[in-house]
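Have a look at the structure below before the remarks.
The values are calculated or read from the model by the stated rules, or taken from the named source; none is laboratory data. Everything numeric here is computed off the predicted structure, so don't read it as measured data. Don't worry about glycine lacking a Cβ; one is built from the backbone with ideal geometry, like all the others, and counts go over all protein chains shown.
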Amino acid sequence: MDQQNAKTTHFGFQDIPEEEKAGRVRGVFGSVASKYDIMNDVMSVGIHRLWKDAMMDWLAPRPGTRLLDVAGGTGDISFRYLARAGNAHATVLDLTEPMLIEGRKRAEATQQANQLDWVVGDAMALPFEDNSFDVYTISFGIRNVTRPQEALNEAYRVLRPGGRLMVLEFSQIPNEMMQKAYDLYSFNIIPRMGQLIANDRDSYQYLVESIRKFPDQDTFLGMVRKAGFGNAKYRNLSLGIACLHSGWKL
């Protein structure tokens with residue numbers, strides 16, 4: 001492709017060719033996979049668990065349903081979903097195989113093995129037929145997708161009529177002073193934690209930068225609606241540090 005016509009995207013604060021992003025994201029999560037769950041607890045002081053529980057509260061998993069958990073990593077969301085739904089099935093899809101490998105090592109994966117599938121795949125080109133799932137979730141993952149709108153379009157395609165989309169992602173605090181304080185913490189502390197715990201400062205620097213590049217709550221809500229979802233809305237968590245977006249395939 002001609003350099004002048006090449007499409008670019010962001011990788012943190014860098015602008016890079018679109019075709020490079022998936023490989024770079026795979027490199028980031030492949031590097032941190034073995035320490036990913038520990039770092040989530042340290043970075044959020046455990047609050048990510050409350051956010052995921054809030055997601056389940058709003059989602060209200062039901063028996064007999066099929067979940068597709070995209071960018072599902074080590075299975076946190078799928079394990080919670082199955083625990084609440086009881087007799088249900090979850091497919092964990094992730095671009096980075098080492099994350100899935102770590103997920104399979106968890107105790108929940110053994111206990112729920114007959115209700116789980118683990119699939120390496122791309123959120124923008126899901127390897128599933130139309131109308132295959134009742135619920136689609138993506139948690140702290142859509143900001144790493146090269147073209148998030150295409151991921152949302154794919155979510156709509158693979159959901160059955162009446163299916164539910166729910167996105168959990170870091171967002172923007174609607175208070176300038178509080179956002180500045182949060183940025184101070186994020187940019188100064190989190191990369192240092194990454195170096196100390198995961199021996200990987202650069203990956204956590206990227207993760208912090210990627211949060212700042214992600215659209216705000218209302219902009220992303222417009223993207224959910226553009227994909228075709230009805231009754232779309234959002235709820236801020238922890239003053240907007242994270243946000244839940246919900247939509248239905250009506």
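For residues in region 137-193 being among the small types (Gly, Ala, Ser) and within 21 Å of the chain's Cα centre (by Cα), which is farthest from Ala123 (Cα to Cα)?
First pass over region 137-193, keeping only residues among the small types (Gly, Ala, Ser): 139, 141, 151, 155, 162-163, 171, 181, 186.
Checking which are within 21 Å of the chain's Cα centre (by Cα) leaves us with 139, 141, 151, 155, 163, 171, 186.
Values: Ser139: 12, Gly141: 9, Ala151: 5, Ala155: 8, Gly163: 17, Ser171: 20, Ser186: 27 Å.
Checking each candidate, the answer is Ser186.
Of note, Gln172 satisfies the criterion of being in contact (Cβ under 8 Å) with a residue 60 or more places away in the chain and either under 24 Å from Gly73 (Cα atoms) or in contact with a helix residue (DSSP H, G or I) (Cβ under 7 Å, 6 or more places away or on another chain) (or both). Restricted to region 199-221, and to residues there that are of a type in the set (D, E, K, R) and in a helix (DSSP H, G or I), the residue that is farthest from Ser186 (Cα to Cα) is Asp218. Only one of the numbered conditions (1) touching a helix residue (DSSP H, G or I) at 6+ places or on another chain (Cβ under 9 Å); (2) at pLDDT 95 or above; (3) among the polar types (S, T, N, Q); (4) over 18 Å from Ile142 (Cβ atoms) is not met by Asn231, and that is (1).
Of all residues in region 117-134, those satisfying the criterion of being closer than 24 Å to Arg104 by Cβ and either part of a loop (DSSP other than H, G, I, E, B) or aromatic (Phe, Trp, Tyr) (or both) are Trp118, Gly121, Ala123, Leu126, Pro127, Phe128, Ser132, Phe133.
Comparison of Arg235, Arg225, Arg201, Arg143 shows that the only residue that is touching a strand residue (DSSP E or B) at 6+ places or on another chain (Cβ under 7 Å) and over 23 Å from Ile77 (Cα atoms) is Arg225. Number of residues in region 56-78 that are more than 14 Å from the chain's Cα centre (by Cα) and surrounded by fewer than 24 Cβ atoms within 10 Å (Cβ to Cβ) equals 11. Here is a list: Leu100, Leu116, Leu159, Leu165. Which entry is touching a Gly at 6+ places or on another chain (Cβ under 9 Å), buried (at least 21 other Cβ atoms within 10 Å of the Cβ), touching a residue at least 60 places away in the same chain (Cβ under 8 Å) and not aromatic (Phe, Trp, Tyr)? It is Leu165. The single residue among Ala83, Ala109 that is exposed (fewer than 15 other Cβ atoms within 10 Å of the Cβ), among the small types (Gly, Ala, Ser) and part of a helix (DSSP H, G or I) turns out to be Ala83.
Yes/no per residue for (1) in contact with a Pro (Cβ under 8 Å, 6 or more places away or on another chain); (2) among the aliphatic types (A, V, I, L, M); (3) at pLDDT below 95; (4) within 13 Å of Ala71 (Cβ to Cβ):
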{"residue": "Thr137", "(1), (2), (3), (4)": "no, no, no, yes"}
{"residue": "Val158", "(1), (2), (3), (4)": "no, yes, no, no"}
{"residue": "Pro161", "(1), (2), (3), (4)": "no, no, no, no"}
{"residue": "Glu169", "(1), (2), (3), (4)": "no, no, no, yes"}
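When the test is whether a residue is assigned to a loop (DSSP other than H, G, I, E, B), touching a strand residue (DSSP E or B) at 6+ places or on another chain (Cβ under 8 Å) and either farther than 27 Å from Ser31 by Cα or modelled with pLDDT of 95 or more (or both), Gly72 passes it.
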